[in-house]
1. Filter the range A:172-190 for residues that are at the interface with chain B (Cβ under 10 Å from one of its Cβ atoms) and either not polar (S, T, N, Q) or not in a helix (DSSP H, G or I) (or both) and give the result.
2. Checking the conditions here, which among A:63, A:123, A:35, A:79 is closer than 19 Å to residue B:123 by Cα and in contact with a Gly (Cβ under 8 Å, 6 or more places away or on another chain)?
3. Given A:80, A:108, A:145, A:89, which one is touching a helix residue (DSSP H, G or I) at 6+ places or on another chain (Cβ under 9 Å), free of Cβ contacts under 8 Å to residues at least 40 places away in the same chain and surrounded by 23 or more Cβ atoms within 10 Å (Cβ to Cβ)?
4. Only one of B:53, B:38 is under 21 Å from residue A:184 (Cα atoms) and touching a residue at least 12 places away in the same chain (Cβ under 8 Å); which?
5. Can you tell me which residue in the range B:193-215 is surrounded by the most Cβ atoms within 10 Å (Cβ to Cβ), limited to those that are away from every other protein chain (no Cβ under 14 Å) and touching a Ser or Thr at 6+ places or on another chain (Cβ under 9 Å)?
6. Criterion first (without any contact (Cβ under 8 Å) to a residue 24 or more places away in the chain, among the aliphatic types (A, V, I, L, M), within 19 Å of residue A:73 (Cβ to Cβ) and in a helix (DSSP H, G or I)) does residue A:210 satisfy it?
7. Looking at B:256, B:272, can you tell me which residue is over 21 Å from residue B:50 (Cα atoms), modelled with pLDDT under 95, among the β-branched types (Val, Ile, Thr) and out of contact with any strand residue (DSSP E or B) (no Cβ under 7 Å at 6 or more places or on another chain)?
8. List the helices (runs of 4 or more DSSP H) inside the range A:89-168, counting only whole elements, that have at least 3 residues being facing another protein chain (nearest Cβ under 7 Å) and more than 25 Å from residue B:26 (Cα to Cα).
Number of protein chains: 2
Amino acid sequence: MIYSFDADVKAHAQRIEAALAAYLSEPALSGPGIAPARLVSAMRHGSLNGGKRLRPLVVAQTAAIFGVVPEATVQAGLAVELVHCYSLVHDDLPAMDDDDLRRGLPTVHRAFDDATAILAGDALLTHAFGLLADSKAHPDPQVRVRLVTELATGAGAGGMVGGQMRDIEGETSPLTDRGIAQMQAMKTGALIRAAVRIGAIIGGAASEQLADLTAYAEAAGRAFQLADDILDITATAAVLGKATGKDQGQGKQTIVSRIGVEAARRQLGDMVHQALTALVPFGEAALPLRETARFFADRPN
Amino acid sequence: MIYSFDADVKAHAQRIEAALAAYLSEPALSGPGIAPARLVSAMRHGSLNGGKRLRPLVVAQTAAIFGVVPEATVQAGLAVELVHCYSLVHDDLPAMDDDDLRRGLPTVHRAFDDATAILAGDALLTHAFGLLADSKAHPDPQVRVRLVTELATGAGAGGMVGGQMRDIEGETSPLTDRGIAQMQAMKTGALIRAAVRIGAIIGGAASEQLADLTAYAEAAGRAFQLADDILDITATAAVLGKATGKDQGQGKQTIVSRIGVEAARRQLGDMVHQALTALVPFGEAALPLRETARFFADRPN
């Protein structure tokens, strides 16, 4: 059978989109009280936007190395995706990046209001952990607590949120090249790393395998961010569905603004090579993850 | 031995304050990257404010019914307290309640800035779940996933965050008396309910016991909120350490604004009675929880 990356991405994205749409509903989100319709709408607006769902994709692709079927990774994939979506909802707020558009549509605080966007983000983050604690994420509770730990570590102060903080600090106080790389490894890389590790843990990876896959994730995540920074300079708003040149306009520091597009492209190539090298021990089973690393580097938007 | 509620509260608060101070530090919060100092400071500012730590207290008091020592509930108590603290940090934002003071000190967004407050709240929420997934919360992973589920349900769209959304909606569209009660049961009640249930689960409560303790928590939570609304009208800013009459000023609807202080005090008495009745099956072991329900109703601030 010939592996088609495009078909893989599409099938995964449809699976996740359908699962997100089913989960982000009043019955599934209710607890001691009923989830308010406006809050559910805002959560849906911030999540059901036809994204590529790359983080759930790598959860599934990593677990697949160990023979886990994609369906068995959907619950954990949803959790990682909800964290990604919440981070975008909060990052878009006027107090943060102040973005009006996301994938060509009004951001949550523009479609609703700032308070609703803050709460919708909070709720998406909260429910992500509820999803991982549920037996649908994995039958073994010992595995599920590890998934919760991974997501909290990747999304927390030493991961995604910490990266966002450093990014904001960098607007007013200059970062070194190394500081930029560290900031980006946290802001974007940490959640991709968590996604891969979550897939590996679901698959029952041995500790050496987990280390190799973590090395893959870190290099692939770095490639993803480099590609993003290059696109911010070179792509058009129509292709990205959001404003371009924005990082520069906000005085945000990226590797591209420091070393230029060409040097950044060379670094990008190095990172893809590193990612692929880390996958060598897994042989053919890692083909989908290899294609994903290439896609991270070459994606048009 | 005579039980002293004041001594119990004080000992618990000191235990939680010390554990919070130790946990909210760069080493404990770091992950793939180092937790930024500014973020850690903001998380500390939003959490280490000498509160009474009533939610961890009820976690400990409930678990104590089943013979669990207070020290064994600290980790779970911290998690609940971090969720409470994050909710205050976000609620105080200009886009939400726009409060400058909290316990007599500048709120996080005043001491830092709005973006930092958003991120500090996000990080507190994220790490709360990490705390529950850790073996220090309970040796049995099956119990830990239940704790995560309880916290996510209590804090999520059908709980605390949903209640906050309804509260904001109520500023512009009138709620019925029942709607106000439902909103408050979510906004304040759901996390108190989660705290009690978390204590019960740590204690290994049977399902009937869990149901009784949930009934206690719901009545005690209602009493807590009624007392809060009454204090908003009757107390002075100096006693509360925050602005009074604020709910009225913002057009927020409370039971007190609908039925008056005297009728609200009668309802408060009924709720305390309900809470105490739910504890009857637990006999003397529930004395601390009984005192807490009374304190919720009679507290000066």
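1. Scanning the range A:172-190 gives A:183, A:185, A:186, A:187, A:189, A:190.
2. Details: A:63 fails: closer than 19 Å to residue B:123 by Cα; A:35 fails: closer than 19 Å to residue B:123 by Cα; A:79 fails: in contact with a Gly (Cβ under 8 Å, 6 or more places away or on another chain).
The match here is A:123.
3. A:145
4. It is B:38.
5. Among them, the one singled out is B:199.
6. yes
7. Values: B:272 fails: modelled with pLDDT under 95.
One residue alone meets the criteria, B:256.
8. Details: elements: A:108-111, A:114-133, A:141-155.
Output list reads A:114-133, A:141-155.
The values are calculated or read from the model by the stated rules, or taken from the named source; none is laboratory data. Because the structure is a prediction, the values reported are computed rather than measured. All Cβ positions, even for glycine, are placed from backbone atoms using ideal geometry, and neighbour counts span all protein chains on display.
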